[in-house]
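The values are calculated or read from the model by the stated rules, or taken from the named source; none is laboratory data. Being a predicted model, the structure only gives us computed values, none of them experimental. Neighbour counts run over all protein chains shown; Cβ positions are idealised from the backbone, glycine included. For the accessible areas, the whole protein counts, side chains as well, though only heavy atoms, and no ligand, DNA or RNA atoms are used. Shrake-Rupley method; radii C 1.70, N 1.55, O 1.52, S 1.80 Å.
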Amino acid sequence: MTQAYVCFGLSHPEHYGVMLDPSVAVEDSEEGLRAIALSAFAPLVEAVVACRPELPGEAARHRARTAWASAHGAVLLGRLGAFSKLGGAEGPEGVAEEAARSMLRNVMV
């Protein structure tokens, strides 16, 4: 899931940017935006719970938030070419794979 998300963000920067731009939101109420955000976030929480069913709910959500933030950081750094400057992965697929491995370690610890 993470690898596909990061690769998409790197390969489609315009679409990725619109997904995170509140000025183009179709829902303008705070409650509506929160509901949309939670429904989009739920599959990531479910993936963490599937990997670590023994985690209490808040711990699973915390790890999911960390993975979500890491995915967005990987897209930003990948777009800036920072991974290759540090001797890391290059290209969308390489950055996405490196980010996914890192996030999997975070979930499994």
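Miscellaneous remarks
- First in the range 75-86 and assigned to a helix (DSSP H, G or I), second anywhere and small (Gly, Ala, Ser), Cβ under 6 Å, 6 or more apart: Val75/Gly9; Phe83/Ala89
- Members of the range 35-53 found to be surrounded by 14 or more Cβ atoms within 10 Å (Cβ to Cβ), over 12 Å from Thr2 (Cβ atoms) and more than 12 Å from the chain's Cα centre (by Cα), listed by number: Val49, Arg52
- Pairs with Cβ under 7 Å, 6+ apart, first in the range 20-48 and part of a loop (DSSP other than H, G, I, E, B), second hydrophobic (A, V, I, L, M, F, W, C) and open to solvent by 50 Å² or more (accessible area, probe 1.4 Å): Ala25/Leu33; Glu27/Leu33; Glu27/Ile36
- Whichever residue in the range 73-82 is of a type in the set (A, V, I, L, M) and out of contact with any Phe, Trp or Tyr (no Cβ under 7 Å at 6 or more places or on another chain) and, among such residues, is surrounded by the fewest Cβ atoms within 10 Å (Cβ to Cβ): Leu80
- Among the residues of the range 1-34, those identified as closer than 21 Å to Ala64 by Cα, open to solvent by 60 Å² or more (accessible area, probe 1.4 Å) and not charged (D, E, K, R) are Met1, Gln3, Ala4, Tyr5, Phe8, Met19, Leu20, Leu33.
- Residues that are of a type in the set (Gly, Ala, Ser) and surrounded by 14 or more Cβ atoms within 10 Å (Cβ to Cβ) within the range 54-72 comprise Ala60, Ala64, Ala67, Ser70, Ala71, listed in sequence order.
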